[in-house]
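Engineer: Next up is a structure, given as structure tokens.
Throughout, read-outs are computed from the coordinates displayed, never taken from laboratory work. It should be emphasised that the depicted structure is a prediction, and the values quoted were computed from it without experimental measurement. Here the Cβ positions follow ideal geometry from the backbone for every residue, glycine too, while neighbour counts run over all protein chains shown.
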């Protein structure tokens with residue numbers, strides 16, 4: 001059954017330093033990304049007069065690094081930072097790093113993933129000639145695991161654990177084996193790597209801003225699993241637009257909605273999702289917010305929305321009509337816009353009108369090709 005619910009961020013506020021996301025502070029990140037042979041700026045598609053709003057801009061990350069997802073931006077930057085520290089180098093070039101191939105081959109990285117983050121880690125580790133292990137939660141389809149193997153260097157295992165337990169397991173393996181944990185969520189005592197992963201996503205935001213000629217959107221809809229991408233993109237737009245920030249809405253699946261619970265309760269603390277954890281939006285199937293992301297989103301996000309799987313499926317079909325390949329999680333921000341604009345009540349709730357300019361990110365392509373084909377058949381629901 002189609003369902004959309006929206007709650008405001010009841011405890012909006014707090015103090016957070018986002019200066020690390022400024023254009024100047026992120027220069028070295030863009031230098032690394034643009035130095036990669038596979039780097040190419042991903043497209044920004046504008047749909048003018050879409051369902052009665054002025055424009056909707058869609059940043060299409062399905063074409064990033066040949067990985068069908070944006071996650072490689074964070075993974076390669078975080079691994080680059082770890083390697084630089086291990087080698088005792090300060091902002092080295094890729095050529096300078098590759099002079100140490102023997103040491104690189106001895107380094108091992110490990111992570112938990114629902115799919116795209118692990119693919120980015122596998123690819124980045126392989127790029128530098130390092131080993132990697134990727135563990136995935138129960139319910140993961142084999143095609144996602146194989147895509148991670150194909151992307152780079154990883155040994156991949158689908159476990160019988162949920163996402164949060166899988167994260168704890170890989171953290172323990174990293175400690176026992178003296179491997180480097182590259183996880184895109186943070187907790188007490190583990191913040192530096194997630195912070196670098198989030199900073200890696202800044203390249204996406206600055207590309208989009210330049211492509212829009214720094215035109216200010218009125219609304220931004222950002223999907224969230226643990227919230228690292230949403231937090232990073234929010235930080236960049238908050239840094240650029242200061243006190244004139246667009247209205248930012250976080251989007252989650254109904255059955256795995258940790259930011260929704262956190263904002264609904266509204267006491268400033270983090271809360272885990274209460275749903276059954278069943279959603280086709282596998283990349284958003286994360287039960288607990290990243291603390292670093294929450295600090296940013298608590299301060300700057302206006303509200304959060306939850307959507308049912310059929311809302312995402314319809315968005316995938318609409319995007320396909322506009323020649324954009326979007327996976328189940330990738331379409332979530334657009335899915336909210338597509339559905340909200342069909343409802344006068346929801347338009348009013350989010351203050352959308354004919355002058356509104358919406359920015360969304362297609363975070364992944366058809367990472368589950370078989371399911372993508374099924375959903376694109378008209379009338380077929382997930």
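Engineer: Could you calculate the contour length gain from residue 190 to residue 159, that is, 0.36 nm times the residue separation minus the distance between their Cα atoms, to one decimal place in nm?
Structural biologist: Contour length minus the Cα-Cα distance gives 8.9 nm.
Engineer: Once Rh for the range 302-366 is found with the Kirkwood sum over Cα pairs, what is the Stokes-Einstein diffusion coefficient at 4 °C and 1.567 mPa s, in µm²/s?
Structural biologist: Answer, rounded: 106 µm²/s.
Engineer: Taking the range 228-293 on its own, what percent of its Cα-Cα pair distances exceed 14 Å?
Structural biologist: When all Cα pairs of the range 228-293 are counted, 61 percent exceed 14 Å.
Engineer: Separate question: Rank the residues 240, 15 as a footprinting-exposure proxy: fewest other Cβ atoms within 10 Å of their Cβ go first.
Structural biologist: Going from least to most buried by this count: 15, 240.
Engineer: Binning every alpha carbon pair distance of the range 189-237 at 5 Å from zero, what are the percents per bin?
Structural biologist: The percentages, shortest bin first, are 5, 20, 28, 24, 12, 7, 3, 1.
Engineer: So the label point goes 7 Å from the Cα of residue 25 along Cα→C-beta, right? Which residues of the range 215-248 then have their backbone N under 12 Å from it?
Structural biologist: 235-240
Engineer: Relative contact order (percent) for the range 290-382, with alpha-carbon contacts under 8 angstrom and 6 or more residues of separation?
Structural biologist: Relative contact order comes out at 33 percent.
Engineer: Also, I was wondering about something else. At 7 Å along the Cα-to-beta-carbon direction for both residue 321 and residue 173, put a label point, then send me their distance in nm to one decimal.
Structural biologist: Here the answer is 4.4 nm between the modelled labels.
Engineer: Let me ask something additional. Using 0.36 nm per residue of separation minus the Cα-Cα distance, give me the extension gain between residue 150 and residue 102 in nm, one decimal.
Structural biologist: Gain on extension, residue 150 to residue 102, equals 15.0 nm.
Engineer: In the P(r) worked out for the range 72-183, what percent of Cα pairs fall beyond 26 Å?
Structural biologist: Result: 15 percent of Cα pairs exceed 26 Å.
Engineer: Any idea what the relative contact order of the range 72-183 is, in percent, if you count C-alpha pairs under 8 Å spaced at least 6 apart?
Structural biologist: For the range 72-183, the relative contact order is 28 percent.
Engineer: Here is a follow-up. From Cα pairs below 8 angstrom and at least 6 apart in sequence, can you work out the relative contact order of the chain, rounded to a whole percent?
Structural biologist: Dividing the mean separation by the residue count of the chain yields 23 percent.
Engineer: Note down the Stokes-Einstein diffusion coefficient of the range 243-382 in µm²/s, whole number, using a Kirkwood radius over alpha carbon pairs, 10 °C, and 1.306 mPa s.
Structural biologist: In µm²/s, the coefficient is 101.
Engineer: Rounded to the nearest Å, what's the spacing between the alpha carbon centres of the range 311-382 and the range 1-76? Just the number, please.
Structural biologist: Going from one Cα centre to the other spans 16 Å.
Engineer: With all distinct Cα pairs included, what does the Kirkwood hydrodynamic radius of the range 146-268 come out to in Å, to one decimal, could you say?
Structural biologist: This gives a value of 17.0 Å.
Engineer: So for each of 223-236, 305-318 I average, over its residues, the number of other beta carbons within 10 Å; can you give me the resulting order with the highest mean first?
Structural biologist: Highest-to-lowest ranking by the protection proxy: 223-236, 305-318.
Engineer: By how many degrees, between 0 and 90 and to the nearest 10, does the Cα long axis of helix 291-300 differ from the longest principal axis of the chain?
Structural biologist: Taking Cα atoms only, the helix is inclined about 30 degrees.
Engineer: Sort 131, 40, 81, 323 by Cβ crowding within 10 Å, fewest neighbours at the top.
Structural biologist: Fewest-to-most Cβ neighbours within 10 Å comes out as 323, 40, 131, 81.
Engineer: What does DSSP give for the range 72-183 in terms of the percent of beta bridges that are antiparallel, rounded to the nearest 5?
Structural biologist: If I count the DSSP bridges inside the range 72-183, around 0 percent turn out antiparallel.
Engineer: Please compute one quarter of the surface area of the Cα convex hull for the chain and express it in square nanometres.
Structural biologist: For the Cα atoms of the chain, the hull's average projected area reads 17.1 nm².
Engineer: Follow-up. Within 10 Å, count the other beta carbons around each residue, average over each peptide in 70-80, 119-129, 135-145, 201-211, and list them highest first.
Structural biologist: Sorting 70-80, 119-129, 135-145, 201-211 by mean packing, highest first, produces 70-80, 119-129, 201-211, 135-145.
Engineer: Another question, if that's okay. Would you list 295, 242 from fewest to most Cβ contacts within 10 Å?
Structural biologist: Taking fewest neighbouring Cβ atoms as first place, the list is 242, 295.
Engineer: For the range 133-168 and the range 173-241, write down the distance between their C-alpha centroids in whole Å.
Structural biologist: 21 Å
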